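Scroll down for the structure; my scribbles are underneath it.
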Amino acid sequence: MTIPIRETFPKRNALNEKSTPMKRFSRTIFVLLIVTGSALSQTEDALVRLRLAQSLELAGDWERAVALYESLYRQAPANHVYFEGLRRAYVQLKDYRKAVELVLFRLQLQQNDPSLLSSLGGLYYQMGNETQADSIWTSILAGNPTNASLYRLVASQQMEFRLYDQAIQTFVAGRKATGSEILFVEELASLYGAFQQYDKAADEYLRMLRSQPQQLSYIQSRLSIFLNRPEALKPIRQRVQEEVRQAESLVAIRQLNAWLQMEGKDYDAALEEYRLIDRMTGASGAELFNFGQRAMQERAYLAAARAFREVIEKRPSTTILPMARFNYARTIEELSLSADTSVGEVPAVETPAWPVSETRPTFGGAINLYQALRKDFPNTELAGRSLFRIGIIRKERLFDLDGALTAFEQVRGMWPSHAVAADATMEIAEVLTLKSALEQARSEYRALLALNRPEIRDRARYRMAEIDYFRGLFDSTTVILEPLTSNAQNDLANDALVLHYFIQENRVTAPSALAEFARADLLMRQRKFSEALERFKAITTTHPSALLVDDAFLRIAELHLVLQHPMAAVQTLEAIVNDMPLSILRDRALMKMGEVYERTLMNPAKALETYEQLLARHPNSVYVEEARRRIRTLRGDAI
């Protein structure tokens, strides 16, 4: 017997015969909660699968990743993240047919989307259908030929597949279509640079410079990237010089040309260019002054001297005259170190603008220039700096310790509140060290520790440690050095570490040898070279088993060079290399030996042989790169 459906449920009572609004609302909420919970569950599941697919992608497991991306994409084909993940997976698996079908389906949702079309062109190219790829890329550009972003989009796709020539053509076509001559300068310059077409790269930046001269500094920074390659400088300079001839009145082009001449170390040509720039801009010597400062920083002292001299002689009323005179004196001081410096190298002064006439760049001439600055600018820091330089010349160049001490003490007494006073105190302490007044020197250094100048304090600490080392107070030395060795940012950290390690290595195994070595080091600092040489030789005979014997031999070689005994230096270095197999200084000895052969004995063949020996015996040495550079130079490989 069939049972009616209604009889399978309990009979309703009077209260539930009719559904109330509250009950209907409750049932609706219940259904919504069920649906929402299901949706949230699906979303969480999709997120888990997406993260798993991305993890597999990172791990390179593309087969499993593509299966997950496919399931996700089927679930939500409009989701861009799923689409991109699946497209990437197909490409990685080289399943270009499926990738094309995927993009074509996507184009039904996003008709004529340039990014999708560009990607489709790339897929056809990867399939080997270059004609279809070109056709698609061309159609993208034809749809909106004045839209610069479309040219970038297509060219980037072409560059992805190393179609650099086509990318260049795309950019050039975009420039023509938009009518903008400076469009795509950066992109084209980079592409030309990649092809080593540096003249064309320079052309692009010249385009920018002609219309935007204020971009000079930026253009210099971009060209400097190319100039890291030795072969780039010549074609770039040639192209810029051609531009100068065509546009002589454009100051920015001339400034770029002058900068390139400086980059090429052609300081005479650069000086001539800056003369013109200075006149064209009415700079009243400022351009020449700036050139002189940079040339001086690059140790092109002769060119710097000429520039500063022109500022002094031709523009005596300029506000930069005092510093021009000071810098001129500095260049004369540096030129005096060169044995081949002659009268004609620095232009003669017919009618000096200041009460000094120096006929040749000597230390006497430099001192006279500094004295004139003191007279013309009394009670100024410039006068203090001039007197300080006189002290430096007397100490380092003439080794007139009493004269140097007088100058430095005058500086400190007359300008106690200026920074130059601290520098003078450092030099006073050094002179006292040279005069063997070690306790006085230490007191001078200690006074500097109270200054609010970290670099001065650190230098003073290191010098105090050296003085204690010279006196044989090795415990005190290591205590002072400790904080310096722990600060890797400190310029003195390496020197402090070397001295600290040297003391720690020898103070227990050979304390008497270490004390003798320290006394010999002091003699070497004091320029008592012959006496220091005998002391170091004595260490090698009286302490032949000490760990520092190889260091003593190295000092002996250095002293032989100072005393102009190059062959004796070579023989000493050979002893380190051949007779001390456990020495950590053998690579350094080989490097030094090669330098002696190359620069002092003028024997390139022996120098080359020595550098090659260094590479063969010590491939991990810190001197390897320098040795290779020297080898390339000696062989004529370096330009």
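The values are calculated or read from the model by the stated rules, or taken from the named source; none is laboratory data. Because the structure is a prediction, the values reported are computed rather than measured. A quick note on method: Cβ atoms are made from the backbone with ideal geometry, for glycine too, and the neighbour counts reach across all protein chains shown.
General remarks:
- Leading residue by the ranking (nearest to A304 (Cα to Cα)) among those in the stretch 361-413 that are under 38 Å from the mean Cα position of the chain (by Cα) and not in a helix (DSSP H, G or I): P361
- Among the helices (runs of 4 or more DSSP H) confined to the stretch 526-625, the ones with at least 2 residues that are polar (S, T, N, Q) are located at 529-542, 566-579, 604-617.
- Cβ separations smaller than 7 Å between residues 6+ apart or across chains give the following pairs from the stretch 475-492 residues that are more than 22 Å from V508 (Cα to Cα) to residues that are aromatic (F, W, Y): L484/Y462; L492/Y462.
- Subset of the stretch 64-105 (residues that are surrounded by fewer than 20 Cβ atoms within 10 Å (Cβ to Cβ) and charged (D, E, K, R)): R64, E70, R74, E84, R88, K94, D95, R97, K98, E101
- Just one of the listed residues (E243, E310, E287) is in contact with an Asp or Glu (Cβ under 7 Å, 6 or more places away or on another chain) and either modelled with pLDDT under 95 or outside any helix (DSSP H, G or I) (or both), namely E287.
- Among residues of the stretch 381-417 being of a type in the set (S, T, Y) and surrounded by fewer than 21 Cβ atoms within 10 Å (Cβ to Cβ), the one that is nearest to I332 (Cα to Cα) is T406.
- Residue match in the stretch 47-57 (condition: of a type in the set (S, T, N, Q), part of a loop (DSSP other than H, G, I, E, B) and modelled with pLDDT of 50 or more): no
- Any chance A99 is more than 23 Å from F184 (Cβ to Cβ), touching a Leu at 6+ places or on another chain (Cβ under 8 Å) and not in a helix (DSSP H, G or I): no
- Residue in the stretch 104-118 that is hydroxyl-bearing (S, T, Y), over 24 Å from A46 (Cα atoms) and assigned to a helix (DSSP H, G or I) present: yes
- Per-region count, the stretch 428-444, residues outside any loop (DSSP other than H, G, I, E, B) and either basic (K, R) or within 13 Å of R385 (Cα to Cα) (or both): 1
- Only one entry in H560, H618 is more than 20 Å from F529 (Cβ to Cβ), touching a residue at least 24 places away in the same chain (Cβ under 8 Å) and not aliphatic (A, V, I, L, M), namely H618.
- Yes/no for A532 being touching a Phe, Trp or Tyr at 6+ places or on another chain (Cβ under 6 Å), within 27 Å of V431 (Cβ to Cβ), crowded, with 19+ Cβ neighbours inside 10 Å and not hydroxyl-bearing (S, T, Y): no
- Tally of residues being acidic (D, E) and touching a residue at least 12 places away in the same chain (Cβ under 8 Å) across the stretch 438-454: 1
- Selection of the stretch 157-201 for residues being of a type in the set (S, T, N, Q) and part of a helix (DSSP H, G or I) yields Q157, Q158, Q166, Q169, T170, T178, S190.
- Scope the stretch 473-489; condition surrounded by fewer than 18 Cβ atoms within 10 Å (Cβ to Cβ) and either in contact with a helix residue (DSSP H, G or I) (Cβ under 7 Å, 6 or more places away or on another chain) or under 20 Å from A515 (Cβ atoms) (or both); matching residues: L473, D475, S476, V479, N487
- Some residue of the stretch 538-551 being out of contact with any Phe, Trp or Tyr (no Cβ under 7 Å at 6 or more places or on another chain), surrounded by fewer than 13 Cβ atoms within 10 Å (Cβ to Cβ), among the hydroxyl-bearing types (S, T, Y) and over 26 Å from A568 (Cβ atoms): no
- Residue check for R210: assigned to a helix (DSSP H, G or I), out of contact with any strand residue (DSSP E or B) (no Cβ under 9 Å at 6 or more places or on another chain), closer than 30 Å to A258 by Cα and without any contact (Cβ under 8 Å) to a residue 12 or more places away in the chain: no
- Pair list, Cβ under 7 Å, 6 or more apart: the stretch 386-405 residue without any contact (Cβ under 8 Å) to a residue 60 or more places away in the chain, other residue of a type in the set (K, R): L387/R374; D400/R394; L401/K395; L401/K435; G403/R394; A404/R394; A404/K395
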